[in-house]
Every structure is written in C-alpha cells, then in structure tokens.
Amino acid sequence: ASQLVWLRNDLRLDDNPAIAQAQQLGDIQVLFIATAKQWRQHDESDAKLGLKAASINDICQNLAKKGIAFTLIEVDYFADVADALLAFCQQNKIEAVWFQQETALDECRRDEQVSQTLLENHIECHALESDLLVPVPVLTQKEEPYKVFTPYYRSWRTLLEDRARPPYDEPAKQGKAIEVKNINPDWAGKYRDDLWLAQETEILQKLQQFCQKKLKAYPDKRDYPAMPATSTLSPYLSLGRIGPRRLLHTIQYYCAEQNLHWQDNDWLRELAWRDFYRQLLIHFPELNKEKPFKPETDKLSWNDNKSEFEAWCQGKTGFPIVDAAMRQLNQTGWMHNRLRMIAASFLTKLLFIDWRQGEKYFMQTLIDGEFAANNGGWQWSASTGCDAAPYFRVFNPQRQSEKFDPDGEFIRRFVPELKSLSAKQIHSPTSAQRKEFGYPEPVVDYKKARQEAISAFDALK
Ligand code: FAD
C-alpha cells in the first residue's frame, strides 16, 4: 500500500474521511503515533489514556480482519512526530499521507512541521478538513468570528444543512485477515471498563439507542443528574470514535421517525457548542496559552488557598451537591453537565480560586477531557470567557441542588453518609447532622463569598 492514513483524534473506521478518501486511490495502511509525554504535558488523564489505548487496539483488530495493516509508533513529544513519520514513509515507500486537521495550537504546529517535512521529501500530504460538524469558518457578515453562541449557532445550522452528506462507509477489505496481537502500551492508564466502551460497534449502537429512546425527552430531563437523560457519549466524541456525519445522519433518521424537526433538535444544539469552542481556538490563539478570553479578568487576584482547593478536589466542601459532583468525577471519570457548571462556579466564584486550577484538575481526571470544551466550560463558569455567564449571576449551590436534584437521589448515590436525610434536609444538613454523619461543615459562607466575588469583578470596571 502506498497510501498512508495517519489517525490522530479521529479514532474510528466508520465515517472517517481520511480512510475513505485514501482508499479510493488504492490500498491503504494505517498508522498511529503515540506521544505519551506530550499528552501528559497536556494533562490527559489516566482514564483518557486508558480508553485511548483500548480504542487503538479495537481499531487494530478491526483493520486486521479487513487485511489492512496497522502500525503503532511511540515517540515522546509532538516535536518528534515529523521525523518518525518521514522515516516510516521512506521505509514503507509511502506516496501520500492522509489525515484530518485539528484546531488546537500545539496540534496545528505539529501538523505544519509534518506537512513541510513530507513536502520537502516529495511525499504528498492531504490535510483534510477538521472533525467538526461544520468544519469551515462560520463567520459574521463582516467576515469576523462570532463571539456570541446563538448567532453562531444560527449560521452554523444553515451551513450544516447546505453541507449535509451521508457518512463515509468503513474501509473495504483489502485481503485476507492478518493475525495481530493485542495492543497494550505502557502509557495506557486505568479506566472504568465496566462503564466505558472500547468497541466501535458498541459505541455506534449506543448512539442509535440514545437517539431512538432519549432525544425526545432530552430538553426536559437533561439538567437532572440523577436521570440517565444525556448521551454520555462525550468520552467517545473527544477521541473521535464517532464521526460528525454519522452523528447528523443518526439524529436526522430518528427525528424523522418520531416526527421531530432535526433542525430544532436540542441535542444537535449541544453538538454545536462543541464546534463553537473548538473553532474559537483558531480565531483566538491566546486561548491556547492559558489566557482568558476577556483580558481584563487576568487582573483578578485569585485566592491561592490550598486546603480549600483540596477539599473541592476530594468532594469535601460541605456542600452536598458539589461534593456529590466531585466524587462522581473521581469515581467514574465523568461528570454531568449541570454539575460541571455547579462545581466550576463553586470553585471560581465562591472559593475564588483561579479557573486554570480547576481546568487542570478536570483534565487530569476526566475520561472525556477535551481542551476546547473544558477551557470553554471553565471560562464560561468563571465569567472570563467568550459568551460567558455574567459575573453577577453566581450559582447558589443549595438552590441548584433543590432544583435539579429535588429528591436528593443523586446526592445519596455519591455522598452515602447523608443518605438517611430527608429530601428537604439533604441539600443543607444542620451542624448536628454533619457531626453525626461525619460530614464536613461548609468551607465557605455562600452569601459573603458571593458578595466578595461580585465586588472583585466590579472593581475591574
Ligand atoms: P450530551 O448532553 O449528551 O451532549 C452531547 C455532546 O455534545 C457531548 O458529548 C459533547 O461532545 C457535546 N457538548 C455538550 N455540551 C457541551 C458544551 N457545553 N461544550 C462543548 N461540548 C458540549 N465536555 C467535554 O467533552 N470535555 C470536557 O473536558 C468538558 N469539560 C467541561 C468543563 C466544564 C467546567 C463545563 C461546564 C463543561 C465541560 N464539558 C466538557 C461540556 C459538557 O459538560 C460535556 O460535554 C457533557 O457533560 C458530556 O456529557 P454527555 O456526553 O452526556 O452530553
């Protein structure tokens, strides 16, 4: 095979443009280059690296059944990739390399270096559109990037409709099945394989089942963490285990079946947020450099309190909903979206700890950790970001808890020491109850902390 597909963050055979387009020209082989030290530098969690390794193994096995060779090369950093790829191409007489672009700065730099190296050595380089639902620039009439989500989303939807195409098929068989061993690299961390799927076929089934059974109720139920109402597909979407055209096609199919307008679908709107945050990284490169979208917010004097940060990380703040959220993260590698907002708002507004510390802890723990969405979510919560929450609207953890976990069902699941408390008491136990159940006093006074945070932001004006 003289066509090489270089997989990166598009770990799938279904709906993979690089694979499909390369195979139109001839036989392909597939390569993945692990850069474990770089990933660790980017704070990728054990769980994420575990699922990534298992996903690569699944790809290798599926390709082998089709008679397509798969190679895993291991280097340390992105800076080592160009040389490793060139050596591989020369050894294997590769004519052309195919890959899908990404949007984060370090990845873009790596790819520029690769493209240049390949071209200098007369190897064709096909850098395909990035893995977004709308991979072209979504710009205002003045040809500027959107800074507000809703108008972005309106243009995005029009473009999505214009560009809608069927998903790409899996690669065709190229020959007899190849015998391969299981891949189990030493950078693979532990993840909850009782909760998360490594097989592409199972992931695609999960997508279908979600769209068939849960799309309709999604808008009403998506904010209640005790309910299994969201897709929990984020770990797979962050690794590119599902393709954007497959997503759209599945949504359209099941909306039609249920007489719903796919264009107005709330779940599709969430996928637009994913595109929104990913493309922001291209338009506003400072976001890649630990900078806030609103530069003036870099003047805030964050509170560098180690014990309060530790209490937050461990789920021991004395605010039951926050603690349940953090324990869900620590135990499963995943946290419900409503809880991510509550936990992030608590850290940045009430403890007034720098959002970058929370962003880092999330990345180091989440199985779905994705720089663009995580940075976007943290900056939204901290009111430092693009189209962020207004700074004077500070989440009240007790109110959020009463509203979105009204029976305390979710809290009971993750803070079992409080499980005997009634639905009324569980959101804010008394001091006597805390003593009795060995549950901490609140680390902070909500009203006072809220006022201080608002004053700090007011002072920036
Ligand atoms: P669903 O409700 O089923 O949504 C479907 C998909 O849409 C998600 O899987 C995700 O790919 C995308 N999506 C949904 N909401 C958002 C959003 N607000 N921003 C970007 N994409 C979105 N998401 C990540 O994938 N990785 C992260 O590291 C991450 N960090 C976050 C940090 C904070 C502080 C906040 C507030 C949000 C973060 N999110 C992150 C977004 C969101 O919380 C998760 O995508 C969602 O909870 C995943 O669960 P799900 O797959 O069941 O979502």
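The values are calculated or read from the model by the stated rules, or taken from the named source; none is laboratory data. Treat the numbers as computed from the prediction; the structure is a model and nothing was measured. Virtual Cβ from ideal backbone geometry, glycine too; neighbours counted across all protein chains shown.
Within segment 57-95, how many residues turn out to be under 22 Å from P171 (Cβ atoms), acidic (D, E) and either touching a Leu at 6+ places or on another chain (Cβ under 7 Å) or assigned to a helix (DSSP H, G or I) (or both)?
1
Looking only at segment 181-205, count how many residues are surrounded by fewer than 17 Cβ atoms within 10 Å (Cβ to Cβ) and within 14 Å of the ligand (Cβ to nearest atom).
Residues meeting the conditions: 1.
For segment 341-376, give me the residue count where each residue is near the ligand (Cβ under 6 Å from one of its atoms), in contact (Cβ under 8 Å) with a residue 40 or more places away in the chain and either in the same structural domain as Y152 (by TED's automatic domain parsing) or within 23 Å of K52 (Cα to Cα) (or both).
6
Which residue is farthest from R40 (Cα to Cα), if the candidates are limited to segment 162-180 and must be of a type in the set (D, E) and surrounded by 12 or more Cβ atoms within 10 Å (Cβ to Cβ)? So that I can check it myself, show each step before the final result.
So in segment 162-180, the residues of a type in the set (D, E) come out as 162, 169-170, 179.
Filter once more, so that each one left must be surrounded by 12 or more Cβ atoms within 10 Å (Cβ to Cβ): 169-170.
Numbers: D169: 33, E170: 31 Å.
The extreme case among them is D169.
When you look at G318, is it within 16 Å of the ligand (Cβ to nearest atom), among the small types (G, A, S) and either surrounded by fewer than 20 Cβ atoms within 10 Å (Cβ to Cβ) or in the same structural domain as D354 (by TED's automatic domain parsing) (or both), yes or no?
no
Quick check: anything in segment 101-115 of a type in the set (S, T, N, Q), assigned to a helix (DSSP H, G or I), in contact with a helix residue (DSSP H, G or I) (Cβ under 6 Å, 6 or more places away or on another chain) and not assigned by TED's automatic domain parsing to the domain that holds L329?
Of segment 101-115, the ones of a type in the set (S, T, N, Q) are 101, 103, 113, 115.
Narrowing further to those that are assigned to a helix (DSSP H, G or I): 113, 115.
If we keep only those that are in contact with a helix residue (DSSP H, G or I) (Cβ under 6 Å, 6 or more places away or on another chain) too, we end up with 113.
Filter again for not assigned by TED's automatic domain parsing to the domain that holds L329, leaving 113.
Yes: segment 101-115 contains one or more residues that are of a type in the set (S, T, N, Q), assigned to a helix (DSSP H, G or I), in contact with a helix residue (DSSP H, G or I) (Cβ under 6 Å, 6 or more places away or on another chain) and not assigned by TED's automatic domain parsing to the domain that holds L329.
Please state which one of V81, V148 is of a type in the set (A, V, I, L, M), at pLDDT 95 or above and loosely packed, with under 14 Cβ neighbours inside 10 Å.
On the way: V81 fails: loosely packed, with under 14 Cβ neighbours inside 10 Å.
When all the criteria are applied, what remains is V148.
In segment 211-233, how many are of a type in the set (G, A, S), within 19 Å of the chain's Cα centre (by Cα) and surrounded by fewer than 19 Cβ atoms within 10 Å (Cβ to Cβ)?
To start, the set of residues in segment 211-233 that are of a type in the set (G, A, S) comprises 217, 226, 229, 231.
Restricting the remaining residues to those that are within 19 Å of the chain's Cα centre (by Cα) gives 229, 231.
Now drop any that are not surrounded by fewer than 19 Cβ atoms within 10 Å (Cβ to Cβ), which leaves 229.
So the count comes out to 1.
Name the residue, out of A47, A54, A22, A34, that is small (G, A, S), in contact (Cβ under 8 Å) with a residue 40 or more places away in the chain, assigned to a strand (DSSP E or B) and buried (at least 19 other Cβ atoms within 10 Å of the Cβ).
Going through A47, A54, A22, A34 in turn, just one is small (G, A, S), in contact (Cβ under 8 Å) with a residue 40 or more places away in the chain, assigned to a strand (DSSP E or B) and buried (at least 19 other Cβ atoms within 10 Å of the Cβ): A34.
Name the residue that is surrounded by the fewest Cβ atoms within 10 Å (Cβ to Cβ), counting only residues in segment 423-444 that are within 15 Å of L351 (Cβ to Cβ) and out of contact with any Leu (no Cβ under 9 Å at 6 or more places or on another chain). Spell out how you get there, then give the answer.
First, the residues of segment 423-444 that are within 15 Å of L351 (Cβ to Cβ): 440-444.
Subset that is out of contact with any Leu (no Cβ under 9 Å at 6 or more places or on another chain): 440-442.
On the way: P440: 13, E441: 10, P442: 19.
Filtering first and then ranking leaves E441.
Which one of these is modelled with pLDDT under 95 and not basic (K, R): D275, D220, D264?
The conditions single out D264.
Checking the conditions here, which among E296, E310, E286 is touching a residue at least 12 places away in the same chain (Cβ under 8 Å) and of a type in the set (D, E, K, R)?
E296
Report those helices (runs of 4 or more DSSP H) wholly inside segment 219-311 carrying at least 3 residues which are within 14 Å of the ligand (Cβ to nearest atom) and aromatic (F, W, Y).
Ranges flagged: 266-283.
Scanning segment 377-386 for residues that are of a type outside the set (V, I, T) and more than 8 Å from the ligand (Cβ to nearest atom), which turns out farthest from F319 (Cα to Cα)?
C386
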